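Since the structure comes first, as structure tokens, the remarks are kept for the end.
The values are calculated or read from the model by the stated rules, or taken from the named source; none is laboratory data. Keep in mind that this is a model prediction, so the values were computed, not measured. Please note: Cβ atoms are built from the backbone with ideal geometry, for glycine as well, and neighbour counts cover all protein chains shown.
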Amino acid sequence: MGLVVGLDLGTTRCKAVAVTPAGTVAAAASADYALHTPHPGWAEQPADAVWRGAVAALQALAAQAPARQIEGLGLSGAMHSLLPVNADGAPLAPALTWADQRAAPQAEALRRQLGSRAAHALYTRTGCRLNALYHPAKLRWWREAAPAVWVQAARFVALKDWVLWRLTGAWLTDEGLASTTGLLDLRRLEWDFEALSAAGIEASRLPALSPAAVVGGTLLPAAARATGLPAGLPVAPGSSDGGAANLGAGAVLPGQTVVTVGTSGAVRRLVAEPWLDQRERTWCYVLAAGHWFAGGAINNGGLALQWVRERFYADEPGDLGYARLLQEAAAIAPGAEGVVVLPYFSGERSPHWNPEARAVVTGLGLEHTRAHIARAALEGVAYCLADVWAALGQPPSAPGLAWPEACLTGSISRNPIWAQIVADVLGAVLLADQAADASAVGGALFGHLALGHLACLEDAAHRPPLAERYTPDPRRHAEYAERHQHFQALYARLFT
């Protein structure tokens, strides 16, 4: 058994890895693309730019790994994107991404139209509340705000679905990614009739549903020429980036928890059956048939850090600016000497579901510097993750009890200062994935499952090599617990 390529289509970066059935990464490559914000509340992406990124990453990977060793390809993709395409598959407009909030009025109108009882029933079936993030509201936006596009669109697909079509010619969406749309029945793994009705769309205008770990098609000759991979290569649809990250981190058993921070952030807990919150603060998605994960995502992870770097560390380019930011933040004591950043630069998802929330910097005095703002931003993102951690029913840490453990994935895995802050705030031991590309590794493992190299999902539950183990400091955790309460009170005063 040779290598399978995992292709992860992230929000601003495409990652490609060649992976053994044991989860060992033999080669890796990446390419960047932009997230466009042409108007307040808009966050969109041209599909062609994502395709060019995928091609560039696969070309770079193919140059490293001999073609004879590559036996398949598996995909992973960012959740919640929605792209209208015509009958020939050509995009009719940029895709709406997870960060796009333009459908907020449609979400509110749907809630009023359905009523609270029916809206909550929809949540209990689909795992997704009525919100601008999900497809019912986004589809209503296309129909109401862009009727010409709505009429021309033969299909509405995710960006990963479209890339799969470019690779294989097959219109498929996996059950995991479909469960993040708000249109799928979590238990039956079928499109939910009431959700489709609320969205105003027929199932025929959506891709066909597919399991994650099957061969969904083979690489077309044109795609093979573009990427450098062999024509006829089997391709598995894979799953959402969140689900694939769970698999890539070796977390597929009920009770295991994964914390991810990249452009955004999330806390995801594996559950034996769909787990829903009575207050709808969290979501529940499908990993694969018979496997679910409950959690919450925050809008502002790396986005908050990027904002600080661009405004206060622009004198040093690129990664040098980030390195200086982190170096200076590390020199500031926990609590940033009273400076607090509520990092809601693009609104917030879990647990508040408030697209109108905005970032706030408070507590500044003449004695403070950019380093205090940097430290406070890192801590602010950690507090947002702690809000989700609590909403999932994670028990608070208590003196004398063992710290709970969670896997840590995403770009934060290469950021020891920030990872330690998150461990201290959560009161949890964080086991950082050495590869730091868990979603791409998970996509590859779905490919190995599709090819029969692994018998079941549990066989893929390897423990990846750890880059670091971050253990909370009891004194800092107690201090952060108090400051987290202040953070929550500040949010309540400003936004509720």
Residues of region 107-143 satisfying the condition of being free of Cβ contacts under 8 Å to residues at least 40 places away in the same chain and either of a type in the set (Ser, Thr, Tyr) or outside any helix (DSSP H, G or I) (or both): Gly115, Ser116
Of a type outside the set (Gly, Ala, Ser), at pLDDT below 95 and surrounded by 22 or more Cβ atoms within 10 Å (Cβ to Cβ): which single residue out of Val252, Val286 fits that description? Val252
Among the candidates Asp473, Asp433, Asp424, single out the residue that is modelled with pLDDT of 95 or more, acidic (Asp, Glu) and in contact with a strand residue (DSSP E or B) (Cβ under 9 Å, 6 or more places away or on another chain). Asp424
Is there any pair linking a residue in region 471-494 that is surrounded by fewer than 16 Cβ atoms within 10 Å (Cβ to Cβ) to one that is assigned to a helix (DSSP H, G or I), with Cβ under 6 Å and at least six apart or on different chains, and which? Asp473/Asp424
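For every residue, the table says whether it meets (1) surrounded by fewer than 17 Cβ atoms within 10 Å (Cβ to Cβ); (2) of a type in the set (S, T, N, Q).
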position: Ala22; (1), (2): yes, no
position: Ser30; (1), (2): no, yes
position: Val50; (1), (2): no, no
position: Gly72; (1), (2): no, no
Index of the failed condition, Ala170 passing every other in (1) part of a loop (DSSP other than H, G, I, E, B); (2) closer than 20 Å to Ala95 by Cβ; (3) within 23 Å of the chain's Cα centre (by Cα): (3)
Which condition number does Gly6 fail, the rest of (1) in a loop (DSSP other than H, G, I, E, B); (2) closer than 15 Å to Ala244 by Cβ being met? (1)
Of the residues in region 21-57 that are modelled with pLDDT of 95 or more and among the polar types (S, T, N, Q), the one that is nearest to Val5 (Cα to Cα) is Ser30
Ala288 vs (1) in contact with a Leu (Cβ under 6 Å, 6 or more places away or on another chain); (2) in contact (Cβ under 8 Å) with a residue 60 or more places away in the chain; (3) closer than 17 Å to Asn415 by Cβ: all pass except (3)
Region 388-421 - residue that is modelled with pLDDT of 95 or more and touching a helix residue (DSSP H, G or I) at 6+ places or on another chain (Cβ under 7 Å) and, of those, surrounded by the fewest Cβ atoms within 10 Å (Cβ to Cβ): Ile417
So which residues in region 22-81 are farther than 16 Å from Ala224 by Cα, small (Gly, Ala, Ser), touching a residue at least 60 places away in the same chain (Cβ under 8 Å) and assigned to a loop (DSSP other than H, G, I, E, B)? Ala22, Gly23, Gly41, Ala43, Ala78, Ser81
Answer with yes or no whether Gly347 is modelled with pLDDT under 95 and under 30 Å from Leu75 (Cβ atoms). yes
Any chance region 451-458 includes a residue that's under 22 Å from the mean Cα position of the chain (by Cα), buried (at least 24 other Cβ atoms within 10 Å of the Cβ), assigned to a helix (DSSP H, G or I) and not basic (Lys, Arg)? no
For a quick check of your reading of the model, give me the residue pairs whose first member lies in region 85-102 and is in contact (Cβ under 8 Å) with a residue 40 or more places away in the chain and over 18 Å from Ser204 (Cα atoms), whose second is assigned to a loop (DSSP other than H, G, I, E, B) and of a type in the set (Phe, Trp, Tyr), with beta-carbon atoms closer than 8 Å and at least 6 apart or on different chains. Asp100/Trp42; Gln101/Trp42; Arg102/Trp42
Of all residues being among the small types (Gly, Ala, Ser) and part of a strand (DSSP E or B) in region 216-237, which is nearest to Ala63 (Cα to Cα)? Just the residue, please. Ala236
